[in-house]
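Computed from the coordinates by the stated procedures, all read-outs in this text should not be read as laboratory data. None of these values were measured; they are calculated from a predicted model. Counting neighbours? That spans all protein chains shown, and the Cβs are built from the backbone with ideal geometry, glycine included.
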Amino acid sequence: MLRAAMASRQEEKERRRQEREAREQAEARKAAAKRRMQLVAGGVLAVAAIAAVVVAITSGGGDGGSGDGPSQEASSSVPIPRRAITDLSAAAKAAGCEVKTFPSEGREHSEDAFSGYKTNPPTSGTHNPTPAQDGIYDPGNEPAANNWVHTLEHGRILYQYRPGTPRRRIQQLETLYNEPFRGAEGYHQVVMQNNTDMPFAVAGVAWTHYVGCNEFNDKVFDALRAFRDTYVDKGPELIP
């Protein structure tokens, strides 16, 4: 009878886990569909904006300003060094970076703000039910840590840079993001300004791992590439 009760509790636990994962996958699919619609709408607005500029110029109007838009998958043509080192440890050492792995701090969901992470940048722990989406985020428009920690759980790689990083370096991270990888540009990656006051100039973050670099030099890109290759899609819950 005791064995039957234990089996019943185990079955109930497994059922709840499956229901939670099903809800998260449904949320991710909805978010992806919404994002595709936003990109389509953004393209329409871009065409309209170009037309408006042409009209303004031909009618003798003045220059118009433009505000910061939403997070976007911006492209960049600022070159980065060709890959020279593929091994993560060797690439990190050459760049003066440190690679660390940490115990998981849990996977609980909470709508409340949470700041009790044991690593900086955070690599796991309690997070918001809504994950941050893949892409490039403008400085000042980056998602909250509670959201991007959920993104790590889904196996994503986050490239984070310190506030005040020169624009050219940020554009180089965009170039890295746009490198063909796993058959696509920007595959399961995020570029964003760090918002946890991390001690690094630039870092690559994955679930329970990070590579942190005190200096943003040209050798950093090989360290980030090797980190991406090693830990992408290695989160406990893979969402396409």
### Query
Which ³J(HN,Hα) values in Hz, rounded to whole numbers, follow from the phi angles of segment 110-120 under the Karplus curve 6.51 cos²θ - 1.76 cosθ + 1.60, where θ = phi - 60° and Gly and Pro get x?
8, 6, 7, 5, 10, 9, x, 6, 8, 10, 9
### Message
Show me, for segment 153-163, the HN-Hα J-couplings you get by feeding each phi into the Karplus relation (A = 6.51, B = -1.76, C = 1.60, θ = phi - 60°), rounded to Hz, glycine and proline as x.
### Response
4, 8, x, 7, 10, 10, 8, 10, 10, 6, x
### Query
Hey, what do the phi angles of segment 93-104 turn into as Karplus ³J(HN,Hα) couplings, whole Hz, using 6.51/-1.76/1.60 and θ = phi - 60°, x for Gly and Pro?
4, 5, 8, x, 9, 10, 9, 9, 10, 10, x, 5
### Query
For Arg162 and Ala184 in one chain, what is 0.36 nm times their gap in residues minus the Cα-Cα distance, to one decimal in nm?
5.3 nm
### Query
With Cβ to Cβ distances under 9 Å as the rule, what net charge do the other residues near Tyr210 carry (K, R +1; D, E -1)?
0
### Dipole axis of segment 123-229 (+1 Lys, Arg; -1 Asp, Glu on Cβ), positive-most option in Asn128, Thr151, Thr165
Thr165
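Give, as a single signed number, the net charge of other residues whose beta carbon lies under 14 Å from the beta carbon of Pro81, with Lys and Arg counted +1 and Asp and Glu -1.
Working: positive: Arg82, Arg83, Arg168, Arg169, Lys219, Arg225; negative: Glu179, Asp218, Asp222.
Charge balance in the 14 Å sphere: +3.
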### Task
Starting from the Cα of Glu111, step 7 Å along the direction of its Cβ; do the same at Asn141; then give the gap between the two resulting points in nm.
2.7
### Gain upon complete extension [Glu237, Lys118; 0.36 nm per residue less C-alpha separation]
40.7 nm
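How high is the relative contact order of segment 110-224, given as a whole-number percent (alpha carbon pairs under 8 Å, six or more residues apart)?
Rounded, it is 30 percent for segment 110-224.
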## Note on the structure
Two pseudo-spin positions, 7 Å from Cα along C-beta at Glu215 and at Ser89, lie apart in nanometres by 2.3
